[in-house]
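Single-structure report; data block below.
The values are calculated or read from the model by the stated rules, or taken from the named source; none is laboratory data. Since this is a predicted model, take the numbers as computed values, not measurements. Glycine also receives a Cβ, built like all others from the backbone with ideal geometry; neighbour counts cover every protein chain displayed.
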2 protein chains.
Amino acid sequence: MNQPVRAIAEAARRASRALATCSAEQRDTAIRAAAQLIEQQHFQLLQTNRQDLDAAHRLLDSGEITSATFERLRLTDKKLAEMIHSMLAVADLPDPVGRVLQRTELDRGLVLDKVTCPLGVLAVIFEARPDAVTQISALALKSANAVILKAGREVERTAAALVEIIAQSLAQNGLPKDAVSMMTGRESVQQLLGMADLVDMVIPRGSKQLVEYIQANTRIPVLGHAEGICHIYVDAAADMEMALSLIDDAKTDYPAACNAAETVLVHQAIADEFLPRMAERLQGKQVKLRGCERTRAILSNHPVEAVSEGEWRHEYSDLVLAVRMVNSIDEAIDHIHMFGSSHTETIVTDDPAAAGRFLNAVDAAGVFHNASTRFADGFRYGFGAEVGISTSKLHARGPVGVEGLTTYKYVLRGSGQLARDYQGPKAKAFTHRPLEHE
Amino acid sequence: MNQPVRAIAEAARRASRALATCSAEQRDTAIRAAAQLIEQQHFQLLQTNRQDLDAAHRLLDSGEITSATFERLRLTDKKLAEMIHSMLAVADLPDPVGRVLQRTELDRGLVLDKVTCPLGVLAVIFEARPDAVTQISALALKSANAVILKAGREVERTAAALVEIIAQSLAQNGLPKDAVSMMTGRESVQQLLGMADLVDMVIPRGSKQLVEYIQANTRIPVLGHAEGICHIYVDAAADMEMALSLIDDAKTDYPAACNAAETVLVHQAIADEFLPRMAERLQGKQVKLRGCERTRAILSNHPVEAVSEGEWRHEYSDLVLAVRMVNSIDEAIDHIHMFGSSHTETIVTDDPAAAGRFLNAVDAAGVFHNASTRFADGFRYGFGAEVGISTSKLHARGPVGVEGLTTYKYVLRGSGQLARDYQGPKAKAFTHRPLEHE
């Protein structure tokens, strides 16, 4: 446990080389074996978790952690069953590695394949959830990546026990146990973030502060998002009843989620009728409203606080909703580009032209028409498992499935071809013929 | 020209919003109009270039630039014709934007599309080539991105004249002229590298020093490669005649290219016979050899300098080749992982198992069997145009075509669906049915 960080990362790199060439069956078998071992060691795991909980009790009493965090730490029979279930589901996914994405004949006997392959070494830094250990390890092994885990200190004992079980399953199935390892301490994170030569991707799972700290302190690519400031734009041609349901769902279904709505933009043409109906509906759901001046004027009979300019950029993660009246769809789009986080944006309208304009012009990972922002999620999108949600534009954007943990390489198979024969006055011609594959 | 950098970048961002929603025809027309205008203003351009050349003459005399750089600065009738030809070729490529990569029915009336879209704003920093201006601008407009160009100061007048022509063609075709802009001065680069909020990708085109400086000084994603240290591994089961031709091609066809070979690794089983034949062949081509101790022992009749440990990591970019004897294919693979730059690696062998092992285990953008490393190139791969070659694993890897300048977004079209209806005991089921598209 107290190995130097560099030694852990080098061992992970070596393990990743071995993983890259083993079969999908071997990796899937190891994931299933780990799930089985967790089931068998069920009581010991709950006992170990008890120690984390005892220590966390003191943090709870002193106010260092919230009761929500405390609950996330707790392992239960139900949580263990879910962890096992989701590991088995990951093992059942199709192999994301070695897929031929494209096959081109460059010339006779010279064929180029674009083939998926693992990234190499992942570093995953998370906070209190013990289930993150099993889910992330399963996803990493599924995609033939080694992974270094850094758990929040409140959950360290439980995480270490789970990592030990997974490492054991790897070793028993002929795979390098260093493919899943763990490190502790804040300084370790700092050191690891400097090892761009050994780590291919960092995945932070936790608070906005954690994600922003990591983004600001590493040159290693980061997969994730610091915040989700999602908007619902209610167009002049909106079906108001539909708009009310969508806003209700997007705000109240799970307010702490990153895909919950934070701001509603309402076209002025319908504001007089729509805003009072919306205020009624949301008051019944204990949602507090904040509004621009024009919104507050219309809702003068309702308790609506003023929104300060910077607040449009705030993620409430709570039963609070900001409301702004806009003069046009373009003003709504500008507001979204100015204050949004490029996560998920919805238009509610029955006008196909307005919908087309919004879906085309808005620059975000998800652009929705007449659907709740809450659908922005890997499981709902049908990915089987979710690595995270990315608001960066490069590599993977939006909800990311296991293929977000892969890259590709070009495999060229020839029979002695020389590049110089394809240039100059007597150049041989390339055929560049797409070939069937898979 | 002397606008503050932030104002240039903000104007580029605004222009990128407009580009994102205009039609492919509009963008193609603007590219073709610019090509035509360059043809028409042919004499003025050569005159402007004359001024750059006059200034460069002094730099040449004082040894500040090499004669190779001087030649790259020079615009000629032939170069102008090539520039125009390649702009028209880019205009003729299929539209990389708005392509549906995947379509999934989540439920009846709820359809998810994964659609390609532009990145937004590109910053391209290059050195002496005037043809970079037209090629990059055409690629950017093709993919609906705005681009900010920073040319080497030796070519500033020529670059500014070309940018002016392109901006004029944009304006004449109803597109924002700020979609292609230019900035000058080293401090501008430094400032721009800090604007991650306004610039989506930086593409450095130039020396290893330039690329490394940029990689080290920005949080904006960088597309490119600092160096190409490509290996050819001659296996025990290699066809020696083929190996000799491939090494000759990969080393001597264009030694300054990033896809030229720098190191040959030879299996010990054939070294006694192969190395003297290789030395003969390459001596006839003026290639200087450097070798490990065992190589030098076999080639004791040839002038082979010793290679120091760090030198295996050196890109000669010249008629110099490092040679190392290895005991096994695994030692060759380890050498490549230790000293390579993940660019392009070749195995020469008639043994399918050895080829399979090499192609599978080697972690690089290109892994080749019985083909010259020089094939690692966007045109040879059939991409029509090349944005650059990337040795990073995320986003685009290897030679990058115009689709490397795009990202994607998820477009969800519904009819009022709520996320909460798909969870809990009475949950509606997702269909997650792949649909035909395009």
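What are the residues in the range A:363-382 that are aliphatic (A, V, I, L, M) and either without any contact (Cβ under 8 Å) to a residue 40 or more places away in the chain or surrounded by fewer than 24 Cβ atoms within 10 Å (Cβ to Cβ) (or both), if any? Answer for the range A:363-382, where residues must be aliphatic (A, V, I, L, M) and either without any contact (Cβ under 8 Å) to a residue 40 or more places away in the chain or surrounded by fewer than 24 Cβ atoms within 10 Å (Cβ to Cβ) (or both): A:364, A:365, A:367.
Out of the residues in the range B:78-109 meeting the condition of being within 26 Å of residue B:56 (Cα to Cα) and without any contact (Cβ under 8 Å) to a residue 24 or more places away in the chain, tell me which one is nearest to the other protein chains (Cβ to nearest Cβ). Walk me through how you get there before you give the answer.
Taking the range B:78-109 and keeping what is within 26 Å of residue B:56 (Cα to Cα), we get B:78-84.
Applying the additional criterion that residues be without any contact (Cβ under 8 Å) to a residue 24 or more places away in the chain yields B:78, B:81.
Details: B:78: 15, B:81: 17 Å.
By that ranking, first place goes to B:78.
When the range B:91-125 is examined, which residues are found to be hydroxyl-bearing (Ser, Thr, Tyr) and farther than 22 Å from residue B:202 by Cα? Show your work before the answer.
Restricting attention to the range B:91-125, the residues satisfying the condition of being hydroxyl-bearing (Ser, Thr, Tyr) are B:104, B:116.
If the condition is that a residue be hydroxyl-bearing (Ser, Thr, Tyr) and farther than 22 Å from residue B:202 by Cα, then B:104 is the only one that fits.
Exactly one residue out of B:59, B:53 is in a helix (DSSP H, G or I) and within 19 Å of residue B:42 (Cβ to Cβ): that is B:53. Counting only residues that are surrounded by fewer than 19 Cβ atoms within 10 Å (Cβ to Cβ) and either outside any helix (DSSP H, G or I) or touching a Lys or Arg at 6+ places or on another chain (Cβ under 8 Å) (or both), the range A:236-251 holds 4 of them. For the range A:187-202, the set of residues classified as out of contact with any Asp or Glu (no Cβ under 7 Å at 6 or more places or on another chain) and either among the hydrophobic types (A, V, I, L, M, F, W, C) or surrounded by 15 or more Cβ atoms within 10 Å (Cβ to Cβ) (or both) consists of A:188, A:189, A:191, A:192, A:193, A:194, A:195, A:196, A:199, A:200, A:201, A:202, listed by residue number.
Being over 18 Å from the mean Cα position of the chain (by Cα), at pLDDT below 95 and not β-branched (Val, Ile, Thr) is a property that does not hold for residue A:401. The test for being touching a residue at least 40 places away in the same chain (Cβ under 8 Å), over 30 Å from residue B:362 (Cα atoms) and β-branched (Val, Ile, Thr) does not hold for residue A:125.
I'd like the full set of residues that are of a type in the set (Ser, Thr, Tyr) and either in a loop (DSSP other than H, G, I, E, B) or more than 15 Å from residue B:342 (Cα to Cα) (or both), limited to the range B:252-264. Listed by number, the residues that qualify are B:252, B:254. Filtering the range B:244-276 to residues that are touching a residue at least 24 places away in the same chain (Cβ under 8 Å) and within 9 Å of chain A (Cβ to nearest Cβ) leaves B:246, B:248, B:249, B:250, B:252, B:253, B:254, B:259. Is it the case, given these coordinates, that residue A:111 is of a type in the set (A, V, I, L, M) and within 22 Å of the chain's Cα centre (by Cα)? So residue A:111 fails the test.
Residues that are within 7 Å of chain A (Cβ to nearest Cβ) and either in contact with a His (Cβ under 8 Å, 6 or more places away or on another chain) or among the hydrophobic types (A, V, I, L, M, F, W, C) (or both) within the range B:363-377 comprise B:363, B:364, B:365, B:366, B:367, B:368, B:371, B:375, listed in sequence order. For residue B:208, the conditions (1) within 21 Å of residue A:196 (Cβ to Cβ); (2) buried (at least 18 other Cβ atoms within 10 Å of the Cβ); (3) in the same structural domain as residue B:69 (by TED's automatic domain parsing) all hold with the exception of (2). Looking across the range A:190-236 at every residue that is in contact with a Pro (Cβ under 9 Å, 6 or more places away or on another chain) and without any contact (Cβ under 8 Å) to a residue 12 or more places away in the chain, the one that is farthest from the other protein chains (Cβ to nearest Cβ) is identified as A:213.
Out of B:385, B:396, one residue alone is buried (at least 22 other Cβ atoms within 10 Å of the Cβ), modelled with pLDDT under 95 and more than 7 Å from every other protein chain (Cβ to nearest Cβ). It is B:396. Are any of the residues in the range A:161-170 under 25 Å from residue B:363 (Cβ atoms), assigned by TED's automatic domain parsing to the domain that holds residue A:140 and surrounded by fewer than 19 Cβ atoms within 10 Å (Cβ to Cβ)? Checked the range A:161-170: no residue is under 25 Å from residue B:363 (Cβ atoms), assigned by TED's automatic domain parsing to the domain that holds residue A:140 and surrounded by fewer than 19 Cβ atoms within 10 Å (Cβ to Cβ).
Apart from one condition, residue B:410 fits all of (1) at the interface with chain A (Cβ under 8 Å from one of its Cβ atoms); (2) surrounded by fewer than 19 Cβ atoms within 10 Å (Cβ to Cβ); (3) in contact (Cβ under 8 Å) with a residue 24 or more places away in the chain; (4) over 23 Å from residue B:224 (Cα atoms); the exception is (2).
Could you list, in sequence order, all residues of the range A:291-319 that are in contact with a Pro (Cβ under 8 Å, 6 or more places away or on another chain) and in contact (Cβ under 8 Å) with a residue 60 or more places away in the chain? Answer for the range A:291-319, where residues must be in contact with a Pro (Cβ under 8 Å, 6 or more places away or on another chain) and in contact (Cβ under 8 Å) with a residue 60 or more places away in the chain: A:316, A:317, A:318, A:319. When you scan the range B:60-68, do you find a residue that is touching a Phe, Trp or Tyr at 6+ places or on another chain (Cβ under 8 Å), at pLDDT below 95 and hydrophobic (A, V, I, L, M, F, W, C), even just one? Within the range B:60-68, one or more residues are touching a Phe, Trp or Tyr at 6+ places or on another chain (Cβ under 8 Å), at pLDDT below 95 and hydrophobic (A, V, I, L, M, F, W, C). In this structure, is residue A:360 more than 30 Å from residue A:142 (Cβ to Cβ), surrounded by 22 or more Cβ atoms within 10 Å (Cβ to Cβ) and within 7 Å of another protein chain (Cβ to nearest Cβ)? Criteria not met by residue A:360.
Which is surrounded by fewer than 23 Cβ atoms within 10 Å (Cβ to Cβ), more than 7 Å from chain A (Cβ to nearest Cβ) and farther than 30 Å from residue A:348 by Cα, of B:351, B:421? Let's see the steps before the verdict.
Details: B:421 fails: farther than 30 Å from residue A:348 by Cα.
It is B:351.
Look through B:121, B:100 and report the one residue that is at pLDDT 95 or above and within 19 Å of residue A:403 (Cα to Cα). Walk me through it before giving the result.
Values: B:121 fails: within 19 Å of residue A:403 (Cα to Cα).
Only one candidate passes the filter, namely B:100.
Test residue B:148 against the criterion of being modelled with pLDDT under 95, hydrophobic (A, V, I, L, M, F, W, C) and in the same structural domain as residue B:77 (by TED's automatic domain parsing), and give yes or no. The answer is no for residue B:148.
Within the range A:34-51, is even one residue more than 18 Å from residue A:163 (Cα to Cα), assigned by TED's automatic domain parsing to the domain that holds residue A:129 and surrounded by 14 or more Cβ atoms within 10 Å (Cβ to Cβ)? The answer is no, given that none of the residues of the range A:34-51 is more than 18 Å from residue A:163 (Cα to Cα), assigned by TED's automatic domain parsing to the domain that holds residue A:129 and surrounded by 14 or more Cβ atoms within 10 Å (Cβ to Cβ).
Results for (1) closer than 18 Å to residue B:235 by Cα; (2) in the same structural domain as residue B:237 (by TED's automatic domain parsing); (3) within 24 Å of the chain's Cα centre (by Cα), shown as yes or no for each residue.
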site: B:254; (1), (2), (3): no, yes, yes
site: B:259; (1), (2), (3): no, yes, yes
site: B:265; (1), (2), (3): yes, yes, no
site: B:274; (1), (2), (3): yes, yes, no
site: B:280; (1), (2), (3): no, yes, no
site: B:296; (1), (2), (3): no, yes, no
site: B:302; (1), (2), (3): no, yes, no
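Evaluated against (1) basic (Lys, Arg); (2) facing chain B (nearest Cβ under 8 Å); (3) more than 30 Å from residue A:83 (Cβ to Cβ), residue A:380 falls short on exactly one condition, (3). Of all the numbered requirements in (1) within 23 Å of the chain's Cα centre (by Cα); (2) on the phi > 0 side of the Ramachandran plot, residue B:372 misses one, and that requirement is (2).
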